[in-house]
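Okay, so here's the structure we're looking at.
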Amino acid sequence: MNRAEMTATILARLDADAEAIREDWNKVSPGTTTRYCTIDNLLPEAVAVEIRQAFPKDADGFSTRASFREHKRTSGNFDELPRILADITFAMQNSAVVDKIAELTSMPHLEPDPHLYAGGLSMMFLGEFLNPHIDNSHEATKTKYRRVNLLYYVAPDWVEENGGNLELWDADVTKPVTVVSNFNRLVLMETNKDTWHSVSPLKVEGPRCCVSNYYFSENSPSGEDYYHVTSFTGRPEQKVRRALGLVDNAARRLARSVGAKRASDKGYEGSLGQED
């Protein structure tokens with residue numbers, strides 16, 4: 001299945017399940033104010049298996065992020081990877097898919113992210129995690145707000161007990177709603193200044209494989225201007241990491257502000273594809 005066929009299949013699935021997707025998106029979820037929905041069996045199973053098999057063994061060629069904030073492997077470089085990985089990633093960036101998701105989520109004027117700012121592929125292995133955080137509010141130029149995360153999971157036979165699941169937190173980051181990283185599942189998740197989320201530590205050798213995409217818009221989710229870097233905290237039992245997160249978030253925001261001013265003084269905004 002090529003990119004055009006994937007795009008057509010995704011659009012057909014979104015059309016066929018439009019009513020259920022709208023209902024799921026707008027449901028009231030005890031434990032989190034973050035709107036989200038799940039779309040299972042997005043692609044034919046054989047295609048989803050092929051996508052999984054195209055991920056490199058041991059994340060060869062992926063960049064490793066390892067700190068108190070997160071431990072995962074990521075890549076947005078498709079040059080040396082099987083074509084199908086670029087095809088599924090950019091099928092999600094097709095303007096028709098973006099417009100359909102904008103319609104289903106009642107978020108007008110969504111825009112794709114062809115530069116894959118913080119998007120692309122990720123792999124996680126035993127013990128790896130992504131601590132509770134809110135995403136960077138904007139893309140690199142700080143002119144568009146991040147609005148929707150699209151997370152497509154392709155690790156076969158995944159169950160909740162494996163860990164590596166999406167967690168959507170309450171405002172105080174005390175208890176999460178768990179969304180299992182089921183094989184061939186697409187999760188749509190809104191992102192704004194209050195949408196705390198994480199990935200629970202993996203309890204198996206893995207890997208957990210995910211294709212990530214993001215949509216942006218010029219209008220603010222709240223109707224008011226705001227800006228923040230990706231901001232981390234610890235899990236409820238991680239008191240030291242929570243304290244460290246407060247200092248770390250402030251320091252990185254200051255560094256980003258200084259860097260942006262220097263870039264502006266030189267007449268450029270820096271490179272896309274990087275996230276604080």
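What to note about this one:
- Reported count of residues in region 136-179, each being farther than 12 Å from W196 by Cα, assigned to a strand (DSSP E or B), touching a Phe, Trp or Tyr at 6+ places or on another chain (Cβ under 9 Å) and not aliphatic (A, V, I, L, M), is 6.
- Residues that are β-branched (V, I, T) and under 25 Å from Q53 (Cβ atoms), drawn from region 107-165: V154, V159
- Of the candidates E161, E190, the single residue that is under 12 Å from the mean Cα position of the chain (by Cα) and charged (D, E, K, R) is E190.
- Yes/no for T33 being over 16 Å from I101 (Cβ atoms), within 18 Å of the chain's Cα centre (by Cα) and buried (at least 16 other Cβ atoms within 10 Å of the Cβ): no
- Contact map, region 165-188: first residue at positive phi, second residue among the hydrophobic types (A, V, I, L, M, F, W, C), Cβ cut-off under 6 Å, separation 6 or more or different chains; pairs are V173/W196; N184/L42; N184/A48.
- Wholly enclosed strands (runs of 3 or more DSSP E) of region 185-276 bearing at least 2 residues at pLDDT 95 or above, in contact with an Asp or Glu (Cβ under 7 Å, 6 or more places away or on another chain) and under 23 Å from S63 (Cβ atoms): 197-199, 208-217
- Test: residue in region 185-201 that is within 30 Å of F55 (Cβ to Cβ), among the hydroxyl-bearing types (S, T, Y), crowded, with 19+ Cβ neighbours inside 10 Å and touching a Pro at 6+ places or on another chain (Cβ under 6 Å): yes
- The set of residues in region 202-228 being of a type in the set (S, T, N, Q) and surrounded by fewer than 22 Cβ atoms within 10 Å (Cβ to Cβ) consists of S212, S217, N219, S220, S222.
- Helices (runs of 4 or more DSSP H) lying entirely in region 1-120 (those with 3 or more residues that are in contact with a strand residue (DSSP E or B) (Cβ under 7 Å, 6 or more places away or on another chain) and within 20 Å of N184 (Cβ to Cβ)): 18-25, 83-91
Residue-wise test of (1) in contact (Cβ under 8 Å) with a residue 40 or more places away in the chain; (2) touching a helix residue (DSSP H, G or I) at 6+ places or on another chain (Cβ under 9 Å); (3) surrounded by fewer than 19 Cβ atoms within 10 Å (Cβ to Cβ).
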position	(1), (2), (3)
L42	yes, yes, no
E45	yes, no, yes
A54	no, yes, yes
R69	yes, yes, no
M92	yes, yes, no
V97	yes, yes, no
T105	yes, yes, no
D113	yes, no, no
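- The condition of being among the small types (G, A, S), farther than 14 Å from L202 by Cα, buried (at least 21 other Cβ atoms within 10 Å of the Cβ) and touching a residue at least 40 places away in the same chain (Cβ under 8 Å) does not hold for S122.
- Per the conditions (1) surrounded by 20 or more Cβ atoms within 10 Å (Cβ to Cβ); (2) part of a loop (DSSP other than H, G, I, E, B); (3) at pLDDT 95 or above; (4) not basic (K, R), the sole criterion not satisfied by G127 is (1).
The values are calculated or read from the model by the stated rules, or taken from the named source; none is laboratory data. Computed from a prediction, not measured in an experiment: that's the story for all the values here. FYI the Cβ positions are ideal-geometry reconstructions off the backbone, even for glycines, and counts take in every protein chain you see.
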